[in-house]
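Peer 1: I have a structure I would like to understand better, so I am pasting it below and will then ask my questions one at a time.
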Amino acid sequence: MSGIKTSGGNAAFHNFVNDFAHISDPNERRRLALEKIDNAPFGWYHVRAIVVAGIGFFTDAYDIFSINIAVTMLGYVYFHDRGSKLPTKSDTAVKVATSGGTVIGQLFFGWLADVIGRKRIYGIELMIIIVGTLGQALSGPSQAINIIGILTFWRVIMGIGIGGDYPLSSIITSEFATTKWRGAIMGAVFANQGWGQLGAAIVALCATAGFKETLKAANTAAMCAGNCQTALDKAWRITIGFGAVPACIALYYRLTIPETPRYTFDVARELEKGAADIQTYISGAYGNAKEEEIKALRDAETNPVELNVPKASWSDFWSHFSQWKHGSILIGTAGSWLLLDIAFYGLGLNNSTILAAIGYAGQPNVYTNIYNVCVGNLILICAGSIPGYWFAVATLDVVGRRTLQIAGFLILTILFCIIGFAYHKISGHGLLGLYVLCQLFMNWGPNTTTFIVPGECYPTRYRSTAHGISAASGKIGAIIAQTAIAPLRTRGCPGGTCWLNHVMQIFALFMLLGFFISFLTPETKRETLEDICERLHGETNYGRHNAESSIEGESTGEKKVVEV
């Protein structure tokens, strides 16, 4: 009896299970399908997969960091009577709302992908992002609620969708990637965050340039009224709303992906039951196939290897990760991501503050000020973020994930110490250079590796859940950065940045802690996911043992049972 075919498959994500549906032995089908994935040479198929999964991260970064520029515009429009700047609490609420929603999305979608499968929910998170983005762009104040409250609500909703994209895109890419270049492929997906940040700055710049004459007439913030406010009200809506466009483009491909072979074989394990149910239906009988019919199908296989694979459950989860050798890995991936994101989001969501500190923003003329904020963000992104991402892509499978992460945290510790302790002795250009280096080594190091390693180092049945926990830890770090640390920059000088040097010193401490906790994370370069699980979690690589047992079974005629 050949295997039942599974649905889904497109130009970006091929259905490898169906390639071997004619093979009767499900274990042989599994071995052949995974072998084809693991040993495939890098080609256009992988490029298409990178684009489809990567558009999600383009959208994520665009939506997260576009608010960095939009808050400047919002200040002129809705807080004209307060110096055209958002109150500190409002600024924090708008920026931290996305991270709060993201934590929910990462935990919920991460768990759900292990329970019902990757295919069934991939694309839903993109729909939530689209709805949340359009909701923001169409928001307006009312008598009952101000614009900050409405934006905060929609950014929480959008954040839930963004959160779902992290574990889903990571593990789907990981489970479809070739072993030799898996790190580069996953890194290229994640590197779309850099393009997303760039896209947000470009769209904001174009929207600002479109209203140039109106905005230039306002030489001070107090003069920005009437047409000036209307122009900026349109500009921030265009800037944020454009984030829904790339998400709509990728939606079809996400909704039509096949289930990953690893989930199909290792977690779902319903192919034989499905085949029996179809036979029952064709014969005219009602109800599900009986256990003896399913057993008969399995017994008809040639020398099958029965697999005693642990099933996912909360009791098994706690039993597995309560052991230090397994739990320490989760502590390593979650802890390092938390510590990294404190500094990453503390800097990234306050680019405008950094630019003002070095004299590049804060100009009196409205057009000049917003123009400089947009161009300054472009400079920072092009000089530091984008090169960092792609340096990581080039070196992940050569140097290794663990090495890049440890080295990155160490370099960042040094850089933040220099900025923090020599802040008042460094020129504006020197401070800009150090800030760019921080962005470079964040992305060419822990920002990329903390995303990749959790997608590789856990068993299939918990890969998404564990990645979601690790990613959620990172966003908790982002919340800490925005609510507890970033506001410290104005301590002693409301509206200024006189405590920014101490904030950088705090970031240095967290980078040092990240350096030490990174020793708990494993190296995963150029090993199959099954070999990684066998080495780290003691779970038998039954793909290899199946082949060995089949050879032995041919000579003895015995049925083998492989304990996993």
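Peer 1: If DNA, RNA and ligands are ignored and the probe is 1.4 Å, what is the ranking of M223, M127, M511 by accessible area, most exposed first?
Peer 2: I get M223, M127, M511, largest accessible area first.
Peer 1: Which pairs break 21 Å Cα to Cα here: K89/K475; K36/K325; K5/K119; K85/K216?
Peer 2: K36/K325
Peer 1: Where the centre of each part is set by its Cα atoms, how far does region 12-87 sit from region 113-192, in angstrom?
Peer 2: The distance from the Cα centre of region 12-87 to that of region 113-192 comes to 9 Å.
Peer 1: Something else now. Report, to the nearest whole %, how much of the accessible area of region 403-447 belongs to carbon and sulfur atoms, 1.4 Å probe, protein only.
Peer 2: 78 percent
Peer 1: Continuing with the same structure: Simple spin-label model, 7 Å along Cα-to-Cβ: W318 to T368 in nm?
Peer 2: For W318 paired with T368, the spin-label model returns 6.4 nm.
Peer 1: Then there's this: Probe radius 1.4 Å, ligands and nucleic acids left out: which of E35, E530 has the largest accessible area, and how do the rest follow?
Peer 2: E35, E530
Peer 1: Expected output is a single nm value to one decimal: the length gained when fully extending between D531 and K5, i.e. 0.36 nm times separation in residues minus the C-alpha distance. What is it?
Peer 2: This chain segment gains 186.7 nm when fully extended.
Peer 1: Using 0.36 nm per residue of separation minus the Cα-Cα distance, give me the extension gain between C498 and K180 in nm, one decimal.
Peer 2: Length difference between fully extended and current span is 109.6 nm.
Peer 1: Translational diffusion coefficient of region 1-135 at 37 °C, 0.692 mPa s, Stokes-Einstein with Kirkwood Rh over Cα pairs, in µm²/s as a whole number.
Peer 2: Estimated via Stokes-Einstein, D reaches 175 µm²/s.
Peer 1: While we're on this one: May I ask you to give the solvent-accessible area per residue for region 93-252, in square angstrom, as obtained with a 1.4 angstrom probe?
Peer 2: Accessible area per residue, region 93-252: 34 Å².
Peer 1: Please report the net charge: other residues with Cβ closer than 11 Å to the Cβ of G100, K and R +1, D and E -1.
Peer 2: Counting the neighbours of G100, the net charge comes to +3.
Peer 1: Please compute the per residue accessible area over region 367-472 with all protein chains in place, 1.4 Å probe, rounded to a whole number of Å².
Peer 2: In whole numbers, region 367-472 has 29 Å² accessible per residue.
Peer 1: Once the Cβ-Cβ distance between W44 and A144 is put in as r, and R0 is 60 Å, what FRET efficiency do you end up with, to the nearest 0.05?
Peer 2: E between W44 and A144, to the nearest 0.05, is 0.70.
Peer 1: Follow-up. Using DSSP to define loop residues, name the trypsin sites (Lys or Arg not before Pro) in region 66-153 whose beta-carbon has at most 13 other beta-carbon atoms within 10 Å.
Peer 2: Here the sparse-neighbourhood loop sites are R120.
Peer 1: Now, a different point. Accessible surface of R526 in the full protein assembly, 1.4 angstrom probe, to the nearest 10 Å²?
Peer 2: 100 Å²
Peer 1: If you don't mind, there's one more thing I want to ask. Carbon and sulfur: what percent of region 44-191's accessible surface (1.4 Å probe)?
Peer 2: Here carbon and sulfur together make up 70 percent of the probe-accessible area.
Peer 1: At 7 Å along Cα-to-Cβ for each site, give me the label-to-label distance between N227 and V398 in nm.
Peer 2: Roughly 5.6 nm, to one decimal.
Peer 1: Can I ask one more? Order 195-206, 410-421 from most to least packed using the mean count of other Cβ atoms within 10 Å.
Peer 2: Listed from highest to lowest mean packing, they are 195-206, 410-421.
Peer 1: Express in Å², to the nearest 10, the accessible area of Y253 obtained by rolling a 1.4 Å probe over the protein heavy atoms while all chains stay in place.
Peer 2: Accessible surface of Y253 is approximately 90 Å².
Peer 1: What distance in nm separates the simple spin-label points at H80 and L134, each placed 7 Å from Cα in the Cβ direction?
Peer 2: Result for the modelled spin labels: 3.1 nm.
The values are calculated or read from the model by the stated rules, or taken from the named source; none is laboratory data. Computed from a prediction, not measured in an experiment: that's the story for all the values here. Methodologically, a virtual Cβ is constructed for each residue, glycine included, from the backbone with ideal geometry; neighbour enumeration extends over all protein chains shown. For accessibility, only protein heavy atoms count, side chains too; no ligands or nucleic acids. Shrake-Rupley method; radii C 1.70, N 1.55, O 1.52, S 1.80 Å.
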